[in-house]
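One structure below.
The values are calculated or read from the model by the stated rules, or taken from the named source; none is laboratory data. These figures come from a predicted structure and were not determined experimentally. Backbone-built Cβ (ideal geometry, glycine too); neighbour counts: all protein chains shown. Heads up: the accessible areas ignore ligands, DNA and RNA and are worked out on the full protein's heavy atoms, side chains in. Shrake-Rupley method; radii C 1.70, N 1.55, O 1.52, S 1.80 Å.
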Amino acid sequence: MAKNLTFADDGYDEFLRGLKERIRTAQVKAALAVNRELVLLYWEIGREIINRQVAQGWGSKVVDQLAKDLKKEFSDMRGFSRSNLMYMRAFAETWPDETIVQEVLGQIPWYHNIALLEKLKSKEQRLWYAQETVKNGWSRNVLVLQIESGLYKRQGSAITNFEQALPKTQSDLAQQLLKDPYNFEFLTISQDAHELELERGLVTHIRDFLIELGLGFAFVGSQYPLVVDGTEFRLDLLFYHLQLRCFVVIDLKMGAFKPEDSGKMNFYVAVVDDTLRHEMDNPTIGLILCKSKSRTLAEYALRNIQTPIGVSTHKLPDDLSEKLPTIEQLEAELEAVRLSDEGESQDQA
């Protein structure tokens, strides 16, 4: 067992027995709080490894020995590989404060925590994404997607007039809920698609669109009809936000933002307020999503408008044609396969 190690007489056996006892205790508690206890256990193991390495002068080989001994003792448990023990050490080193582990990081699965360690360098961003994961219930794949799309920097970056158009409590929340840009790379349309194609694509991929919009958005309809004085107008997309308690009108643009876009949205929001908004609802919010924008133009366009409107951009996938092979490339690949098959046939002969 551990007797053949040079540090065996330096308290290793006692250290190992202590860890085994902690693991057994955690196994009992896990029936009541599986995830939180598991993450806390991993943090404690990581902290103990660090403390012993400092106090006893053990090198990295102690992790190899621990992996062997713990897997032997707890053969029915997964998670005691050398690589996972190293993650435990890194986890404890990153988060020395047990309170944060119990209150936030223990609320998300272990492999979410590994993703935070692997994908991010900033402690502040790691904690922010952990809190957002708890709030939104993200799977690990969605968490990684949000990290790779730079949600931390995009959140709350839209140009708005919320500070002047909404009460303080609502304006702060509304501002934080809007992003810039919105990532629509889950769509399969090109950069030169028309606005109707963009709208249909978002409706077809409504689940992905709702994830990108964020928590609280409920889809009401697309091409939603509004009738004013006998004339029909249609909203590209209409949502209701459960936290803000208000309707959200989205107008899609495949070109750059124009000052007149804010006037059109002002009209839409006014009609929704008069025809759809209930007494208990907060004022309707308008969001103009365009391909690009000038910050100066957008700020001037919204300055004297009392209707709450935001201007943001959307990011579409790169042109698919650039990623597809040409006819010449396909022919060359087919020719290479043919020659390879002929060569194999001759070798067999």
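Using modelled backbone amide H atoms (1.01 Å from N, in-plane), which distant-in-sequence or interchain residues come within less than 5 Å of THR313's amide H?
Amide H neighbours of THR313: TYR182, CYS290.
Could you give each residue of region 156-168 its phi-based ³J(HN,Hα) in whole Hz, using Karplus coefficients 6.51, -1.76, 1.60 with θ = phi - 60°, and x for Gly or Pro?
Coupling constants for region 156-168: x, 9, 5, 7, 9, 10, 4, 4, 9, 9, 10, x, 3 Hz.
Of THR307, THR188, which has the most accessible area with a 1.4 Å probe, and how do the rest follow in descending order?
Ranking THR307, THR188 by accessible area, largest first, yields THR188, THR307.
Would you pull out the residues with amide H under 5 Å of VAL220's amide H, same chain only if 5 or more places away, H placed 1.01 Å from N?
Excluding prolines and chain starts, which carry no amide H, the hits are LEU238, PHE239, TYR240.
Would you grab the residues whose amide H sits under 5 Å from the one on CYS246? Only those 5+ places off in sequence or on another chain, please, with H modelled 1.01 Å from N.
The answer is HIS241, ASN282.
Sorting check: for 99-105, 166-172, which peptide has the highest mean count of neighbouring beta carbons within 10 Å, and how do the rest follow?
The peptides rank, most packed first, as 99-105, 166-172.
Cross-link list LYS168/LYS253; LYS71/LYS153; LYS135/LYS258; LYS123/LYS168: which exceed 31 angstrom alpha carbon to alpha carbon?
LYS71/LYS153; LYS135/LYS258, as the Cα separations exceed 31 Å there.
Please compute the contact order of region 137-216 in relative form: average sequence separation of alpha-carbon pairs under 8 Å and at least six residues apart, divided by the residue count, as a percent.
Details: 53 pairs, mean separation 20.0, N = 80.
Normalised by residue count, the contact order of region 137-216 is 25 percent.
Convert each backbone phi in region 15-21 into a coupling constant with the Karplus relation 6.51 cos²θ - 1.76 cosθ + 1.60 (shift: θ = phi - 60°), then list the ³J(HN,Hα) values in order as whole Hz, x for Gly and Pro.
4, 5, 4, x, 5, 4, 5
Once the Cβ-Cβ distance between GLN102 and ASP229 is put in as r, and R0 is 56 Å, what FRET efficiency do you end up with, to the nearest 0.05?
For R0 = 56 Å, the calculated efficiency reads 0.40.
Could you give each residue of region 294-311 its phi-based ³J(HN,Hα) in whole Hz, using Karplus coefficients 6.51, -1.76, 1.60 with θ = phi - 60°, and x for Gly or Pro?
In residue order, the calculated couplings are 9, 4, 5, 4, 5, 5, 5, 5, 9, 4, 9, 8, 8, 7, x, 9, x, 10 Hz.
What net charge do the residues around LEU202 carry, taking every other residue with its C-beta under 14 Å from that of LEU202, with Lys and Arg at +1 and Asp and Glu at -1?
Numbers: positive: ARG200, ARG207, LYS253, LYS315; negative: GLU185, GLU195, GLU197, GLU199, ASP208, GLU212, ASP236, ASP251.
Every neighbour counted, the sum reads -4.
How long is the gain from LEU276 to GLU118 if the chain were fully straight, where each residue apart is worth 0.36 nm and the alpha carbon distance is subtracted?
Numbers: separation 158, 0.36 × 158 = 56.88 nm, distance 4.64 nm.
Extra length available between LEU276 and GLU118 comes to 52.2 nm.
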